[in-house]
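Each remark here refers to the structure printed beneath this line.
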Amino acid sequence: MWRGLSHPVFVWILFTMSMWLWHAPLFYQAALHNELVHTFEHLTFLISSMLFWWILFKHHRPDHIRYAITIPFLFLTILQSSVLGALMTFTDRPWYPYYATIANPWGLTPLEDQQLAGLFMWIPGGAVFTLLTIIYFAAWLRALERRSLQLQRGQPIRSRQE
């Protein structure tokens, strides 16, 4: 069961679905109005995030394979978070009516607050995932080079963690 739950494709789908689902107005509003739903929302974020980072840092495969799996995993995450952030930023109306009923401590309108949140998700969030993708791509190239040198020398293939 754990093998299925920790499969990169399943984890990516879970992570992406939780991000999109909980930003959908219906579910976001439900979390604002019901503490149990709000707790479930944060539990979903926590579990999917822990699985996401587990995939990035687990060392159960040779380096060249692990890094090769991680690159599209991260790249597709950049696309999803960037699209959601851009949609939140460039919309012309607030998605969450609840915020129109409360005072914003910074004096922002609900639309401006949402657009600022979208910018944070899109730019700094995207930058973190982009940087990680570049790092993993460089590590993958180094792992391929190490493997190639080992093959040329007739040495047994070993990954770094062994």
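The values are calculated or read from the model by the stated rules, or taken from the named source; none is laboratory data. Computed from a prediction, not measured in an experiment: that's the story for all the values here. Positions of Cβ are generated from backbone atoms using ideal geometry, with glycine treated the same way; all protein chains shown enter the neighbour counts. Accessible surface areas use protein heavy atoms only, side chains included; no ligands, DNA or RNA. Shrake-Rupley method; radii C 1.70, N 1.55, O 1.52, S 1.80 Å.
List of remarks:
- Unmet requirement for L108, which otherwise passes all of (1) free of Cβ contacts under 8 Å to residues at least 12 places away in the same chain; (2) part of a helix (DSSP H, G or I); (3) over 26 Å from W53 (Cβ atoms); (4) among the hydrophobic types (A, V, I, L, M, F, W, C): (2)
- Tabulated pairs, the stretch 135-146, first basic (K, R), second open to solvent by 90 Å² or more (accessible area, probe 1.4 Å), C-beta under 7 angstrom, 6+ apart or interchain: none
- Test: residue in the stretch 89-97 that is closer than 24 Å to I13 by Cα and in a helix (DSSP H, G or I): yes
- The set of residues in the stretch 10-35 being assigned to a helix (DSSP H, G or I), free of Cβ contacts under 8 Å to residues at least 40 places away in the same chain and surrounded by 12 or more Cβ atoms within 10 Å (Cβ to Cβ) consists of F10, I13, L14, M17, S18, L21, W22, F27, A30, A31.
- Condition check for L51: under 30 Å from R146 (Cα atoms) and either in a helix (DSSP H, G or I) or touching a residue at least 60 places away in the same chain (Cβ under 8 Å) (or both): yes
- Inter-residue pairs, beta-carbon under 8 Å, first under 19 Å from I13 (Cβ atoms) and assigned to a helix (DSSP H, G or I) and in the stretch 57-86, second open to solvent by less than 20 Å² (accessible area, probe 1.4 Å) and among the small types (G, A, S), 6+ apart: I78/G126; S81/G126; S82/G126; L84/G118
- Residue count for the stretch 36-77, restricted to those that are small (G, A, S) and open to solvent by 30 Å² or more (accessible area, probe 1.4 Å): 2
- Those residues of the stretch 105-118 which are surrounded by fewer than 16 Cβ atoms within 10 Å (Cβ to Cβ) and either over 22 Å from F27 (Cβ atoms) or among the acidic types (D, E) (or both), in sequence order: P105, W106, G107, L108, T109, E112
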